[in-house]
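Below is one structure; the comments refer to it alone.
The values are calculated or read from the model by the stated rules, or taken from the named source; none is laboratory data. A quick note: this is a predicted structure, and the numbers were derived from the prediction, not measured. FYI the Cβ positions are ideal-geometry reconstructions off the backbone, even for glycines, and counts take in every protein chain you see. Surface areas here come from the heavy atoms of the whole protein model, side chains and all, with no ligands, DNA or RNA. Shrake-Rupley method; radii C 1.70, N 1.55, O 1.52, S 1.80 Å.
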Amino acid sequence: MAYIVHHDSSLLNILRTVVLFIGCIIMIGIPGSAEAQKDTVNLKEVEVIGLKPEISTSSPNPVQLITNKQLASLPATSVAEAIRNFSGVTVKDFGGVGGLKTVMIRSLGANHTAVFVDGLPNHDAATGQIDLGRIALQDVGSITLSVGQPDFGLMTARMYASAGVLEIKTKEPDFKNKKNLVDLSLRAGSFATLNPSLGLYRKWSDKALTSVRINYYSSDGKFPYKVYNGSSVDEFTRQNSDVTSADILLRTSITFNDSSSIKIKASWYHSDRGLPGAIIYYNPFSAQRLNNDDIIAGIQYFTKSVKKSTMLVSAGLSHNQLWYKDPNFQNQSGGINNRYNQQEFYLSDAVRYNFNQHLSGSVVSDLIYNTLTTNSYSVESPDRLSSLTAGAIQWSAGNFELQASVLLTVIKDCKANYALNRETTTYSRIQPAISIIHTFTRDRSLKGRISFKQAMRNPSFNDLYYTLAGNVNLKPEDAILLDAGLLFSKAFSQMTGINFRIDAFSNRVSNKIVVLPTQNLFIWSTRNIGKADIKGIEVVGGIIKHLSQFWSIDVSGNYTYQEARDISNKADATYGNQLAYIPFETAGVIGTLYYRNLSSGLNFLFNGFRYTSNYNIPANVLDGWTTTDLTISIDKPFNVKQLKIKGEILNLLNKHYEVVKSFPMTGRSFFVNLYLTL
């Protein structure tokens, strides 16, 4: 039997990476020519060297943030690649270039993480898993990941319902006394990758703005991979991993007066991709294809009154079409040709009131309706009506802050069974949450926090009804989240700042839903495993050092250890075993060196070994892996103030590895990025 084996990096490879990085730093640090030294420095545009505390060390809930500046130095083109360095996060990447990319937080499934773009939800009722690889970074200003729930404020009830929230905010255009703005970007490189993007911005007045973003991406997805069979090593080229996608995003914002505004957003996304199959017995052939056509629209109205109250009303709809084809599937129809059409309509109303300078309260209610029609089974189409109502308070005084909420969830499913009868099932939960943070020192540098939350994940439509993997007997998954952390953030001078935190967490999951790929990336196996006990610790640290007026360095790192055990039944052979595809250890380091308009960044990731099944035997071990990425960028070269050039070397040491068994990832690759603003 042929199989793929990947070995952890040796100390020599790590030292080699450090040497390469130092070499790049030295090269960047070489002084320019005499002409370059004559550049005029406009002191009014010099960034003030002041170091404000990170949100991760000031929030009562575990929160992580990537700013626009950090995104610019990362070797990433999608949200999935950008958040790989978050602690406690495992990004599942099924197949490299065009494969599905989902995020798992602290061993909770991807369905526990809600994704919002500018406050509007991105949701997939059919699978419950958002492909973060399709959200491009060209228009992203910041990414925030909250465990439990975001900090107190106006938000939808769906944020209170989720165990984790990923918030993506688009960047605001800098018109600089202009009314029209155009930005162009182009990314090209390995695997015949071509990714042009065009942004058009129009400022109608000081109170009205419209923007259009058009993005295109294509890649043939062909990359070499190795198959180890005993002492022999064979190299093949990955096939059927191509992807072509296009999306258009339209945004309009209008401010009526100082107290009210409205935002409208609409997007269209299309993709056509191949689904590479598992590499089993030297068989690289795969003919599965997946097409997506998605339309999402939403509107937000914000207003505040003189009576210290604010209100946010949101409404939206989405229509998603998915077409899966496998002409070689052995059945009476001569293959699979499945079409899925899902719709979502939602309405959300949130009101916040500030009683005094210490106490605030909010009430929010969401109504969500989902439908799914498909030709993959001959039963009536399922639909779901969800009602979520939450009340929350925030109280702060001196060195103490408390946030608490309670959520009432009522979900009514009209399930279709295989006897052609419709069954109505109602689920209801009352889910409390509380988080506390206390400051121990006068300079507010040392803090401690503790949080508790209950969350529920309802089975997705695919979990319940998909013929090749569905399980109509699935129960909702309930989770209890506990976290305790110690936080430190201090600016020792105007030149140096340090952030550090350590969090211990415990998650207890009942009726855990496990979804694993089988023969390809579209056919899965779904079941409840009973109970899971998850325990772990996260350590995160960072330092910012301004060496001089022109030199600065930013280094951050994280380490996570977690155990996710099956504790369903002591009589089972898997009792006490680690759950499939959850690594015991993950770590990451990001280092960026800045000099004038030059920057160089190194991104190192480590993912420890894990098991491909709940049966923890040597045959099911999937080796750990490391990757090292290098970026070098120059802003405003050749005295062109609107131009930026960035070069990337991904997987610098050309490591061959797998995130999912038998689905090899890409090796070393090269990319060049151009950004032009007009």
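Checking each residue in segment 527-554 for being among the hydrophobic types (A, V, I, L, M, F, W, C) and buried (at least 19 other Cβ atoms within 10 Å of the Cβ) picks out I529, A532, I534, V540, I544. Across segment 260-309, the number of residues qualifying as over 26 Å from V243 (Cα atoms), more than 29 Å from the chain's Cα centre (by Cα) and not basic (K, R) comes to 5.
Assessment of segment 602-620 against the conditions (open to solvent by 20 Å² or more (accessible area, probe 1.4 Å) and under 30 Å from M495 (Cβ atoms)) yields at least one matching residue.
Looking across segment 641-651, the residues that are open to solvent by less than 40 Å² (accessible area, probe 1.4 Å) and farther than 18 Å from K222 by Cα come down to L643, K646, G647, E648. Residues in segment 658-674 that are open to solvent by 10 Å² or more (accessible area, probe 1.4 Å), closer than 29 Å to S197 by Cα, hydroxyl-bearing (S, T, Y) and out of contact with any Phe, Trp or Tyr (no Cβ under 6 Å at 6 or more places or on another chain): 0 in all. Contact annotation: residue pairs with Cβ atoms under 7 Å, 6 or more positions apart or on different chains, pairing a residue in segment 420-440 that is in contact (Cβ under 8 Å) with a residue 40 or more places away in the chain with a partner that is open to solvent by 90 Å² or more (accessible area, probe 1.4 Å), are I436/I450. The residues of segment 68-90 that are open to solvent by 10 Å² or more (accessible area, probe 1.4 Å), within 14 Å of the chain's Cα centre (by Cα) and under 20 Å from I543 (Cα atoms), listed by number, are L71, R84, N85, F86. Taking each residue of segment 309-326 that is buried (at least 17 other Cβ atoms within 10 Å of the Cβ) and looking for partners that are at pLDDT 95 or above and not in a strand (DSSP E or B) with beta-carbon atoms closer than 8 Å, six or more apart or interchain, yields nothing.
Checked against (1) open to solvent by less than 30 Å² (accessible area, probe 1.4 Å); (2) closer than 19 Å to T373 by Cα, D293 passes all but a single condition, namely (1). Could we say that L516 is surrounded by 17 or more Cβ atoms within 10 Å (Cβ to Cβ) and at pLDDT below 95 here? When the stated conditions are applied, L516 does not pass them. Annotation for segment 332-348: no member residue is assigned to a loop (DSSP other than H, G, I, E, B) and in contact (Cβ under 8 Å) with a residue 12 or more places away in the chain.
Here is the figure for segment 220-234: residues that are modelled with pLDDT of 85 or more and open to solvent by 30 Å² or more (accessible area, probe 1.4 Å) total 3. So how many residues does segment 339-361 have that are open to solvent by 40 Å² or more (accessible area, probe 1.4 Å), among the aromatic types (F, W, Y) and closer than 30 Å to R289 by Cβ? Total meeting the criteria: 1.
Selection of first residues in segment 354-379 that are of a type in the set (D, E) and of second residues that are open to solvent by 60 Å² or more (accessible area, probe 1.4 Å) and modelled with pLDDT of 95 or more, restricted to Cβ pairs under 8 Å at least 6 apart or on distinct chains, gives the following pairs, ordered by first then second residue: D366/L347. Residues that are open to solvent by 40 Å² or more (accessible area, probe 1.4 Å) and closer than 15 Å to F191 by Cβ were ranked within segment 237-253; the one that is farthest from the chain's Cα centre (by Cα) is T237.
For segment 176-219, residues that are in a loop (DSSP other than H, G, I, E, B) and open to solvent by 60 Å² or more (accessible area, probe 1.4 Å) total 7. All conditions in (1) in contact with an Asp or Glu (Cβ under 7 Å, 6 or more places away or on another chain); (2) closer than 24 Å to D272 by Cβ; (3) open to solvent by less than 20 Å² (accessible area, probe 1.4 Å) hold for A157, with the sole exception of (2). I'd like the full set of residues that are outside any strand (DSSP E or B), hydroxyl-bearing (S, T, Y) and open to solvent by less than 30 Å² (accessible area, probe 1.4 Å), limited to segment 91-140. Residue satisfying the conditions is S107 alone.
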